[in-house]
Amino acid sequence: MPKITFIERDGSHRDVEVPAGTSVMEAGRDHGLDIEGACEGAMACSTCHVIVDADWYDKLEPASEDEEDMLDLAFGLTKRSRLGCQIEMTDELDGLTVALPKDVRNMLL
Ligand code: FES
């Protein structure tokens with residue numbers, strides 16, 4: 001199963017293994033990380049905002065226009081920001097490293 005390393009807000013690292021096809025948002029949420037996924041992956045909340053490690057960012061499928069639009073509204077946007085619900089884990093992404101941003105903005109509120 002592919003592994004994801006999450007860098008939490010306090011800087012600590014958490015490795016989780018998930019079946020291929022699981023999104024980064026689901027992986028984090030299922031393992032008790034502080035990632036909300038308030039809209040369940042409908043690209044309507046940005047609470048699944050993650051910052052992808054520089055070594056991994058270019059290996060991901062590019063963000064769709066809708067994802068870019070939602071990210072523009074995310075708190076603490078960076079050049080390597082993505083919506084965790086839009087990154088689907090594959091065996092090729094084994095070892096993917098993402099950081100949780102310092103804060104999130106929930107567009108559903
Ligand atoms: S879970 Fe809402 S945008 Fe990803």
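Straight-line cross-link reach from LYS59 at under 18 Å between alpha-carbon atoms covers these lysines, not counting any fewer than eight positions away in the same chain: LYS3, LYS79.
Need one number: % antiparallel among DSSP beta bridges in the chain, to the nearest 5. Don't jump to the answer; show the numbers that get you there.
Numbers: 11 of 15 bridges.
Bridges in the chain that DSSP calls antiparallel: roughly 75 percent.
Based on alpha-carbon positions alone, could you give the equivalent ellipsoid semi-axes of segment 3-99 from the gyration tensor, as √(5λ), descending, whole Å?
Working: eigenvalues 65, 42, 37 Å².
For segment 3-99, the ellipsoid semi-axes come out as 18, 14, 14 Å.
If R0 equals 22 Å, the separation of the Cβ atoms of GLU68 and ASP103 corresponds to a calculated FRET efficiency of about 0.65.
Debye sum, Cα scatterers, segment 1-59, no solvent: what log₁₀ I/I(0) at q = 0.18 1/Å? For the requested q values the scattering log ratios are -0.65. Converting the Cα gyration tensor eigenvalues of segment 28-78 into ellipsoid dimensions via √(5λ) gives semi-axes, longest first, of 18, 15, 11 Å. Take every pair of alpha-carbon atoms less than 8 Å apart whose residues are at least six positions apart; their mean separation over the length of the chain yields a relative contact order of 40 percent. Backbone N atoms of segment 37-55 closer than 12 Å to the 7 Å Cα→Cβ label point of ILE7 belong to residues 51-55.
What size of dipole, in debye to the nearest 20, comes out for segment 3-99 about its Cα centre when the only charges are +1 on Lys and Arg C-beta atoms and -1 on Asp and Glu C-beta atoms?
Working: 8 positive and 23 negative charges, 65 e Å.
Approximately 320 debye in magnitude.
Throughout, read-outs are computed from the coordinates displayed, never taken from laboratory work. Model, not experiment: these values are computed from the prediction. Positions of Cβ are generated from backbone atoms using ideal geometry, with glycine treated the same way; all protein chains shown enter the neighbour counts.
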